[in-house]
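To start, the structure itself, in structure tokens.
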Amino acid sequence: MTRVGKMIATVAAGAVAVGGLVMVPSAQGAGSVRSSVSLAAPASGVYGSTIKLTGTVWRTGTTTKLPGATVYLQRSVRGQNRYGNLTSTRTTSTGTFAFSVTQVSAYDYRAYYPGSATYTRAYSPVRYPVTNRYLAIESMSTTDADLGKLRAIGKSVPSLPDGSMVYLQRYSTDTRAWTTVAGGKSTAGRATIDATRPGSNDTYRLVTGSYWPYGPGTSTARQFAHYVW
């Protein structure tokens, strides 16, 4: 059977492929005892990093946990409310479960417990861990020692829209805060930032704002010795 034929057969069987997920009609548990499922997620994660989503399945209104229960992690493009099963696992002896996912775009997640002969099905609250853009300092150099000019070059993953601002910040040991030194516009995923600074040995980082569908980006801090004649 061809790939298209297989897809038609799948749809005919009641499942629809949407964005790489399998949209399967949810099977209801035959039980009548109410169940609940929770889901916790970090507020954000850097693009390409792995985050963990955790939860518990229990009998509603009690402290009784449900061990060995199958739980599905469901995902939808942010705000579209079209969920498909991404993966599944079973709860531990204490009724807990965990999923690991890679941050790649803007997705809503929820946990789904399909129920059993005893318990009803249940959905967790929706969680939206923001995917922050990966930002890194590729190089820093003194470009004019006489005038005290330095240059920082950074990259973003995924690439920022052309013209997006990236800022170079310096950490002040006096105020214990980051202050913006200069900014530059991103082109083809990279930004060149020129600044004039006195001779110093300081800690710098790059920052950028949110550009849908990704959250803000902050690079790892970098020490740089800037020599001025």
*asked:* What pairs come out if I take residues in the stretch 95-108 that are charged (D, E, K, R) and pair them with residues that are modelled with pLDDT of 95 or more and surrounded by 14 or more Cβ atoms within 10 Å (Cβ to Cβ) whose C-beta lies under 8 Å away, six or more apart or interchain?
replied: Asp108/Arg75; Asp108/Ser76; Asp108/Val77; Asp108/Arg78; Asp108/Tyr83; Asp108/Val126; Asp108/Arg127; Asp108/Tyr128
*When only residues in the stretch 183-202 that are small (Gly, Ala, Ser) and surrounded by fewer than 18 Cβ atoms within 10 Å (Cβ to Cβ) count, which is nearest to Arg133 (Cα to Cα)?*
Gly189
_Just to confirm my filter: which strands (runs of 3 or more DSSP E) fall fully inside the stretch 123-194 and include at least 2 residues that are under 22 Å from Val46 (Cβ atoms) and without any contact (Cβ under 8 Å) to a residue 40 or more places away in the chain?_
165-172, 177-187
_Please verify whether Thr180 is among the β-branched types (Val, Ile, Thr) and open to solvent by 70 Å² or more (accessible area, probe 1.4 Å), treating the condition exactly as stated._
yes
_Matching residues in the stretch 116-169 - criterion: being under 24 Å from the mean Cα position of the chain (by Cα), β-branched (Val, Ile, Thr) and open to solvent by 30 Å² or more (accessible area, probe 1.4 Å)_ = Val126, Val130, Val157
*Pull up the stretch 99-112, narrow it to residues that are farther than 18 Å from Pro216 by Cβ and out of contact with any Gly (no Cβ under 8 Å at 6 or more places or on another chain), then point me to the one that is most open to solvent (accessible area, probe 1.4 Å).*
Ser100
*asked:* Return the residues of the stretch 203-214 that are more than 18 Å from Ser44 (Cα to Cα) and open to solvent by 50 Å² or more (accessible area, probe 1.4 Å); say none if nothing qualifies.
replied: Arg205
*asked:* Just to be sure I understand, how many residues within the stretch 215-229 are within 11 Å of Tyr134 (Cα to Cα), outside any loop (DSSP other than H, G, I, E, B) and open to solvent by 40 Å² or more (accessible area, probe 1.4 Å)?
replied: 1
*Name every residue in the stretch 89-125 that is under 20 Å from Ala30 (Cα atoms) and of a type in the set (S, T, N, Q), in order of residue number.*
Thr91, Ser116, Thr118, Thr120, Ser124
*If only one of Ala182, Ala188, Ala177 is at pLDDT below 95 and aliphatic (A, V, I, L, M), which one is it?*
Ala188
*All but one of (1) at pLDDT below 95; (2) within 30 Å of Thr218 (Cα to Cα) hold for Pro42; which doesn't?*
(1)
*(1) part of a loop (DSSP other than H, G, I, E, B); (2) buried (at least 17 other Cβ atoms within 10 Å of the Cβ): which one isn't true of Gln74, the others all being true?*
(1)
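The values are calculated or read from the model by the stated rules, or taken from the named source; none is laboratory data. These numbers come from a predicted model, not from an experiment. When we count neighbours, we look across all protein chains shown, and the Cβ atoms used for this are built from the backbone with ideal geometry, even at glycine. Each accessible area value is taken on the protein alone, full model and side chains, heavy atoms only, with ligands, DNA and RNA left out. Shrake-Rupley method; radii C 1.70, N 1.55, O 1.52, S 1.80 Å.
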